[in-house]
Each structure stands twice: as structure tokens, then as C-alpha cells.
Amino acid sequence: MKATVLHIIESLAVGGAEVLLTESLKGISGRYRHVVVYMRPPVTLLPEVKADKVYCLGYSGKRSILLSVYRLRKIINKERVALIHAHHYWPANIARLAKPASVPLVFSVHNPLSQDAFTLNRLSFYMEKLTYRSRHHAIFVSAAVGKDYNESIGIKGNATVLYNFAADRFYSARYAKPVAQPGKGLRMVAVGTLKRQKNYQFLLNVMALVKQREVYLDIIGDGPMMEELQASIKEKGLKNVKLKGSCNKVHEILHNYDAFILASAYEGFGIAMAEAMAIGLPCILSDIEVHREVTGGNALFFNLNSPEDCAAEIMELKENPELRMNLSVAGKKRAMAFQQQNYLSQLETLYKLYLP
């Protein structure tokens, strides 16, 4: 009989961790049986989930934590779970409270929790301290995330840095970015959920500085800031910026752009950035530690306190086709480290530490 791995995640919305889980389940070997548990809707990616069983905990907020723990414990017993892999803060905490001591737990930290959780709710810091044990195996999606966790909580037991991956389709020659050619305009793309972390208002301020310079930006993604950003674009008269909404086939359109831009205040890894690098897009990025780590320095970086600095980097890329080409080549080479098979082989090696 195959050992059962239970994967628990907050939702099945389109996001970095959610895409990582659904894509990895498609490519992982058939050595184990897989059960997926999500805490609450949305379930956009549900049709993409390849698992033997899928459950919803019906989580509806902090008051339903104990009920979610009870429901998860029943699922663990029913499915005879041999290993739990939790993604994100709340799934990890609920899994720690629900699992029997005999069931190993690995938990993936996808963002620097000091910024993503603890500053928003100080109680979450104490919750993490209370439930985290040395027998739990931490997986950090970058060294920067691991450093943040160690400084905030303190790593007690086994820990692994396991970089996220870009799906195989982003490496296909069919979708590769053509060699940069001299041209008048610079067409940029930003990809990601429309939320505060991504700092889109900063990008709109930057685009206001270059709106007469034949520089264009398409923002691909959906989220709670859609109406706010639409209003800001109208107020600033930004005819050079378009909100394109969500797209399930980003790999088919990235090569139509000249550059990828991201102004995140913080990131854990940046899957959209890795995907753009794999396609061959030069990247213009906020100067945060993880962006330098993941790109290996093969990008242009700007100061998040200075829209003018970002605008200057954009114009440098616009006027310098050779720089575009060099960043494209170097980025593609660096992105080879983030192929799906690298991730899956390392993940299965980790699972084998706890499973027969």
C-alpha cells in the first residue's frame, strides 16, 4: 500500500504557493498517494489538482480554528496519513494542532513572516512560537525567507532551502523571447495578485514620470486593489498603463513584451519573476534581498523610496538594446536552476527522510 501524503493549503486561488502545489502534484512520481486539503474558497485551481482525494475544511475565520483542527484530525485518521506537508502560515499552525505526534510534518514558508504575518497581527507571532517544534521540518523558498524566520522565531530543527520552480512550459523554445531589437517603445509587463505587497501604486507613480516617453505597462492579475488602481490610473491620466485582469496562459504572451517589472515591498521567491527570466525577459526589480538572491544579480534594481530611480532604470533599459540582450541571456541561464524537475527531485528526497 502506498504511503499517504496530505497537503494542506489556505485556498486554491491563483497564487505562487497554490500554483506550486498544483503543478508539483502533476509532476511528482506515483510513489505516494496524495490528499489535498484547502481551508476555504476560492477554488480557481481546483480543476488542476491531481490528487486521490480533495477536502475543504470550511474555515471561516479565527473563530473556526478549533473546528478546522477537529475536521483536519478526522481527515488525517480517515486517510491514514503518513506525512503532512503544509503551505503558508495558518495551514501550518492548524496542521500542528491537528496531527498526532506520530505523523511527521514538513511546512513550507513562502514569505518573510516578519512582514507577511507578524506585523499585521502580533498574536500570529506568539502562535508560531507556541506551535512550532524541533521535530517539524521547515522548508524555505529562499535563503532570505529562512534568514527572516530564524531572526524572528529561531530555527529549532531540520530546515531546507528549496527554491520554487517555473513550470516547464516557460522554458519552451516556442515561447522564448526573441533577441532584443532596437525600437522606439518599451513594453513592460507586471504579473501578480493586485494586493499591497506588490506595490502597484508605486509603479503607477513611476509610469506618470515616463508617460511621455513611449514606455508602456500592462499589469496582469486580479485582486482586491482592482478598483483602486483603476481609479488611480484615470486620475493620473495614464494612457500608457492597462490592467489586463487574470490570465491562465501567461507563458503564451510574455514574449510579446520587452521587460518584466516588479516593485514588491517583500517577496518569498517571486515565481512570476522566475517565469519571466525563463522566457527571456530582462527584469527591473525593487532592490530587496530576495530579488538579488533569486536573479543572481542579473537584473536592474531600483530604490523603493524613489520613483525617479525606477524611472531612470526603465529609461536605461529602453535606450540600451545591448543591455536588454545581456540581461535576457543571463536571466535565462540563471532560471535553469528553477526548473520543475530540480524542485521535485529535492522534494521527494526530503519526503523519503520520513516515509518508507
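The values are calculated or read from the model by the stated rules, or taken from the named source; none is laboratory data. If you're wondering where the values come from, they're calculated on a predicted model, not measured in any experiment. So basically every Cβ, Gly included, is an ideal-geometry build from the backbone, and we count neighbours across all protein chains shown. These area figures cover heavy atoms from the full protein model, side chains too; ligands, DNA and RNA do not enter into them. Shrake-Rupley method; radii C 1.70, N 1.55, O 1.52, S 1.80 Å.
Couple of notes before you dig in:
- Put simply, of Ala92, Ala117 the only residue that is at pLDDT 95 or above and either of a type in the set (A, V, I, L, M) or assigned to a strand (DSSP E or B) (or both) is Ala92.
- Selection within the stretch 47-79 - assigned to a helix (DSSP H, G or I) and either touching an Asp or Glu at 6+ places or on another chain (Cβ under 7 Å) or within 18 Å of Pro100 (Cβ to Cβ) (or both): Leu66, Ser68, Val69, Tyr70, Arg71, Leu72, Arg73, Lys74, Ile75, Ile76, Asn77, Lys78
- Filtered by the rule that a residue be at pLDDT below 95, open to solvent by 40 Å² or more (accessible area, probe 1.4 Å) and either touching a His at 6+ places or on another chain (Cβ under 8 Å) or of a type outside the set (Ser, Thr, Tyr) (or both), the stretch 178-213 gives Pro178, Val179, Gln181, Pro182, Gly183, Lys184, Lys195, Arg196, Lys211, Gln212, Arg213.
- In the stretch 279-294, residue nearest to Phe170 (Cα to Cα) [restricted to those that are in contact (Cβ under 8 Å) with a residue 12 or more places away in the chain and open to solvent by 10 Å² or more (accessible area, probe 1.4 Å)]: Glu293
- Restricted to the stretch 109-128, and to residues there that are open to solvent by less than 20 Å² (accessible area, probe 1.4 Å) and farther than 18 Å from Ile9 by Cβ, the residue that is nearest to the chain's Cα centre (by Cα) is Pro112.
- Every residue from the stretch 295-311 that is surrounded by 20 or more Cβ atoms within 10 Å (Cβ to Cβ) and either within 19 Å of Val215 (Cβ to Cβ) or of a type in the set (D, E, K, R) (or both): Ala299, Leu300, Phe302, Pro307, Cys310
- Test: residue in the stretch 313-333 that is of a type outside the set (S, T, N, Q), assigned to a helix (DSSP H, G or I) and closer than 30 Å to Lys2 by Cβ: no
- Filter result (open to solvent by 40 Å² or more (accessible area, probe 1.4 Å) and not in a loop (DSSP other than H, G, I, E, B)) within the stretch 227-242: Glu227, Glu228, Gln230, Ala231, Lys234, Glu235, Lys236, Lys242
- Subset of the stretch 129-165 [farther than 16 Å from Thr349 by Cα, aliphatic (A, V, I, L, M) and surrounded by fewer than 20 Cβ atoms within 10 Å (Cβ to Cβ)]: Leu130, Ala143, Ile153, Ile155
- The number of residues in the stretch 319-334 that are in contact with a Gly (Cβ under 9 Å, 6 or more places away or on another chain) and modelled with pLDDT under 95 comes to 1.
- Checking Ala265 against (1) of a type in the set (A, V, I, L, M, F, W, C); (2) part of a loop (DSSP other than H, G, I, E, B); (3) free of Cβ contacts under 8 Å to residues at least 12 places away in the same chain, the condition it does not meet: (3)
- Within the stretch 338-356, the set of residues being in a helix (DSSP H, G or I) and touching a helix residue (DSSP H, G or I) at 6+ places or on another chain (Cβ under 9 Å) comprises Phe338, Gln340, Gln341, Asn342, Tyr343, Leu344, Leu347.
- Among the residues of this structure, Val106 counts as one that is in contact (Cβ under 8 Å) with a residue 12 or more places away in the chain, outside any loop (DSSP other than H, G, I, E, B) and buried (at least 18 other Cβ atoms within 10 Å of the Cβ).
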